[in-house]
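What follows is calculated from the coordinates using simple rules that are stated; it is not laboratory data. These figures come from a predicted structure and were not determined experimentally. We place every Cβ from the backbone using ideal geometry, glycine too, and count neighbours over all the protein chains shown.
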Amino acid sequence: MATHVYIDGFNLYYGCLKGSPYRWLDLEALCARLLPQDDVTRVRYFTARVKDRPNDVGAASRQRVYLRALGTLPRVSVHLGHFLTHPTRMPLAHPAPGGPSTVEVIKTEEKGSDVNLATHLLMDAFQKDCDVAVVVSNDGDLREPMQMASRRLGIKVGVINPQTRGKKSKALSSAADFYKAIRESALRKSQFPAQMADGRGAFHKPPSW
């Protein structure tokens, strides 16, 4: 059966990749390892362009290199949302006696990825472009489009939870026909080679990864 995989990029990153040695992740290899009985015909990866920060000046360049690596995979397509960054005032958790109760912070919000994921999931199901849809996320907001794809459009829907610390979305698991977690061994065995090449030439894994 033709299977499409829909990856919530930031949920994957913060669930099991941040701070790990597995960020140079080959998504086709990971999906093949996690779904060995399925014919994975498409992997849709949803993310947004990050910007450098004072405490992480290489974030944007590392992401560009990673997206370049994903571009070498014929079954992977990248779908970009965007970030909104703005100052906002928020309450302090433990304000000092007689001091201010709020503080101004820079808030960064990722916009579009969950909507893009839901849209492509439903369109693929409506067009009968796949028999099985697998959502890699732990975001309970995706419950409704998953249920519609399964109950109204008749495709089998599964969830792969990237949260390696055991956090499980009851909303997603209740809407899924099957449910799996990502093990560290699958990440370790699904890495790109350190040196790669595409139509633009050679490139390599970011040194800090």
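Using Cα-Cα distances under 8 Å and only pairs 6 or more residues apart, what relative contact order does the range 1-78 have, in percent?
The value is 38 percent.
Given +1 at the Cβ of Lys and Arg, -1 at the Cβ of Asp and Glu and no other charges, the dipole of the chain around its Cα centre is 380 debye to the nearest 20.
Here the 3J(HN,Hα) profile of the range 173-188, calculated from phi with Karplus coefficients 6.51, -1.76 and 1.60 at θ = phi - 60°, is 4, 6, 8, 9, 7, 8, 9, 9, 10, 8, 8, 4, 4, 5, 5, 4 Hz, Gly and Pro shown as x.
Taking every DSSP helix (H) stretch of at least 4 residues in the chain, weighting each as -39,500 (n - 2.57) and dividing the sum by the residue count yields a mean residue ellipticity at 222 nm of -7000 deg cm²/dmol. The local environment of ALA149, defined by Cβ-Cβ distances under 13 Å, has a net charge of 0 under the rule Lys, Arg +1 and Asp, Glu -1.
Stretching the chain fully between LEU80 and MET123 yields a gain of 13.8 nm (0.36 nm per residue, less the alpha carbon separation).
Once P(r) over Cα pairs in 10 Å bins from 0, in percent is worked out from the coordinates, which option in (1) 8, 29, 30, 22, 10, 2, 0; (2) 8, 31, 33, 18, 7, 2, 0; (3) 8, 37, 39, 15, 1 does it equal? Given (1) 8, 29, 30, 22, 10, 2, 0; (2) 8, 31, 33, 18, 7, 2, 0; (3) 8, 37, 39, 15, 1, the structure-derived one carries the label (2).
Here the Gaussian network model covers the chain, with springs between Cα atoms less than 10 Å apart; of SER20, SER190, SER77, SER20 fluctuates the most.
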